[in-house]
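Asks: Below you'll find the structure I mean.
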Amino acid sequence: MKKQFLKRKRLPIPRFTKADAIDILYILAGMFIFSIAVNIFIVNAQLLSGGLTGASLILQYLFRIPIWLTTLLLNIPLIVLSICKLDFKFTLYSSIGIAANSLFIWLTADLAQFIQLDDPLVLGVLGGVFKGVGIGLTMLHNGSSGGLDILALYLRRHRGKGNIGTYSFVLNIVIILCGMVCFGINSGLYTAVSLFVTSFATDYFISVMDRKKMFLIVSDQSELLKKEITVQFQTGVTIIHGEGAYTGAPKEILYCIVYNREFPELRSFIKRVDPNAFISIIETTEVWGSSFKNML
């Protein structure tokens with residue numbers, strides 16, 4: 001009688017790559033910009049922010065508890081939730097983002113004295129812009145500042161439908177209402193304006209920085225082009241088989257997508273290889289799969 005052994009599936013061990021290091025550097029930069037927005041603009045105007053940062057600001061205004069400490073402590077149970085329910089990389093990047101956010105808020109706490117503005121609306125708008133850029137930069141590299149981002153993502157996956165932005169907005173309403181109760185209607189309304197600017201700036205920054213170009217190429221040098229594009233631009237190429245409507249001759253149509261920053265170089269490369277190539281370039285903002293990162 002042969003012995004049968006159950007084969008255990010080995011869990012994949014995440015490897016730290018150069019791309020991960022670059023992502024982490026951008027997350028750190030995004031959190032630094034976020035901390036500048038909080039300490040120089042939001043705190044200077046005595047306004048609130050969204051998410052757990054807003055809750056931390058309420059506690060600082062009322063009880064002098066430092067923002068960085070409250071933010072760090074409030075995020076601990078959410079990190080535990082992320083470890084249990086969400087993927088490893090998102091949890092790791094979010095943990096780094098949370099730690100960096102608390103550290104930079106602590107380091108930049110005294111910078112508010114260098115800004116001489118006293119208009120809460122202007123400060124709120126500027127704070128919203130800076131926060132949007134910081135959050136957008138972090139999200140583009142698969143990170144987050146923690147807090148409601150983790151909770152909203154969990155609710156979306158748990159329910160299987162809905163939009164992360166909608167969940168975050170509903171959860172932020174609670175923060176705004178608390179601000180109105182504690183600090184007056186004006187503070188709550190200015191905070192609402194700042195949050196709207198943050199949302200707009202985040203979406204706009206991501207759409208600008210994450211734009212891509214889709215190439216459709218018809219060329220007699222398709223064999224050379226598909227090999228060189230794959231090697232030089234590190235992107236996949238799909239071959240679509242077609243034929244000329246007039247000649248009836250078979251044609252290979254090369255389909256590929258590159259980031260905006262790579263598009264001038266690819267276009268010039270194609271024209272060098274085949275000056276007579278037909279190229280159609282289409283703007284695209286959302287790509288899933290292959291070597292492109294998926295937004296959470």
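The values are calculated or read from the model by the stated rules, or taken from the named source; none is laboratory data. Keep in mind that what you see is a predicted model, and the values were worked out from it rather than measured. No Cβ is skipped: glycine too gets one built from the backbone with ideal geometry, and neighbour counts run over all protein chains shown. In case anyone asks, the SASA skips ligands and DNA or RNA and just uses the protein heavy atoms, side chains included. Shrake-Rupley method; radii C 1.70, N 1.55, O 1.52, S 1.80 Å.
Asks: From the residues in segment 169-198 that are in contact with a helix residue (DSSP H, G or I) (Cβ under 7 Å, 6 or more places away or on another chain) and among the small types (Gly, Ala, Ser), which one is most open to solvent (accessible area, probe 1.4 Å)?
Replies: The extreme case among them is Ala192.
Asks: Right, another one. Scan the strands (runs of 3 or more DSSP E) fully inside segment 219-287 and keep the ones with 2 or more residues being more than 30 Å from Ser207 (Cβ to Cβ) and open to solvent by 40 Å² or more (accessible area, probe 1.4 Å).
Replies: Hits in segment 219-287: 238-243, 250-259.
Asks: Also: Checking Cys84 against (1) surrounded by fewer than 14 Cβ atoms within 10 Å (Cβ to Cβ); (2) more than 15 Å from Leu151 (Cβ to Cβ), which single condition isn't satisfied?
Replies: The number of the failed condition is (2).
Asks: Still on this structure, I have one more. Restricting the search to segment 113-129, which residues are in a helix (DSSP H, G or I) and touching a residue at least 12 places away in the same chain (Cβ under 8 Å)?
Replies: Matches in segment 113-129: Phe114, Pro120, Leu121, Leu123, Gly124, Val125, Leu126, Gly127, Gly128, Val129.
Asks: Just wondering, is there one or more residues in segment 109-120 that are out of contact with any Phe, Trp or Tyr (no Cβ under 9 Å at 6 or more places or on another chain), under 30 Å from Leu189 (Cβ atoms), surrounded by 14 or more Cβ atoms within 10 Å (Cβ to Cβ) and modelled with pLDDT of 90 or more?
Replies: no
Asks: Let me ask you something else. Report, by residue number, each residue of segment 256-296 that is among the aromatic types (Phe, Trp, Tyr), at pLDDT 75 or above and closer than 16 Å to Arg211 by Cα.
Replies: Residues satisfying the conditions are Tyr259, Phe263.
Asks: When only residues in segment 204-218 that are of a type in the set (Phe, Trp, Tyr) and part of a helix (DSSP H, G or I) count, which is least open to solvent (accessible area, probe 1.4 Å)?
Replies: Phe205
Asks: Taking segment 46-74 as the region of interest, how many residues are in contact (Cβ under 8 Å) with a residue 60 or more places away in the chain, buried (at least 24 other Cβ atoms within 10 Å of the Cβ) and among the hydrophobic types (A, V, I, L, M, F, W, C)?
Replies: The number of residues fulfilling the criteria is 3.
Asks: Right, here's the next one. Looking at Leu137, Leu123, Leu92, which one is out of contact with any Lys or Arg (no Cβ under 6 Å at 6 or more places or on another chain), modelled with pLDDT of 85 or more, open to solvent by 60 Å² or more (accessible area, probe 1.4 Å) and aliphatic (A, V, I, L, M)?
Replies: Being out of contact with any Lys or Arg (no Cβ under 6 Å at 6 or more places or on another chain), modelled with pLDDT of 85 or more, open to solvent by 60 Å² or more (accessible area, probe 1.4 Å) and aliphatic (A, V, I, L, M) holds for just one of Leu137, Leu123, Leu92, which is Leu92.
Asks: A further question on this structure: Which residue is modelled with the lowest pLDDT, if the candidates are limited to segment 153-189 and must be among the polar types (S, T, N, Q) and part of a helix (DSSP H, G or I)?
Replies: It comes out as Thr166.
Asks: Now, a different point. Go through segment 140-152 residue by residue and tally those that are open to solvent by less than 20 Å² (accessible area, probe 1.4 Å), part of a helix (DSSP H, G or I) and in contact (Cβ under 8 Å) with a residue 40 or more places away in the chain.
Replies: Qualifying residue count, segment 140-152: 1.
Asks: Using the structure shown, decide if Ile27 is closer than 23 Å to Thr202 by Cα and either buried (at least 24 other Cβ atoms within 10 Å of the Cβ) or among the acidic types (Asp, Glu) (or both).
Replies: Yes; evaluated as a whole, the condition is true for this residue.
Asks: Please identify the pairs in which a residue from segment 182-193 that is more than 17 Å from Phe41 (Cβ to Cβ) has its Cβ atom under 9 Å from the Cβ atom of a residue that is part of a helix (DSSP H, G or I) and hydroxyl-bearing (Ser, Thr, Tyr), counting only partners at least 6 apart or on another chain.
Replies: Note: pairs meeting the criteria are Cys182/Tyr61.
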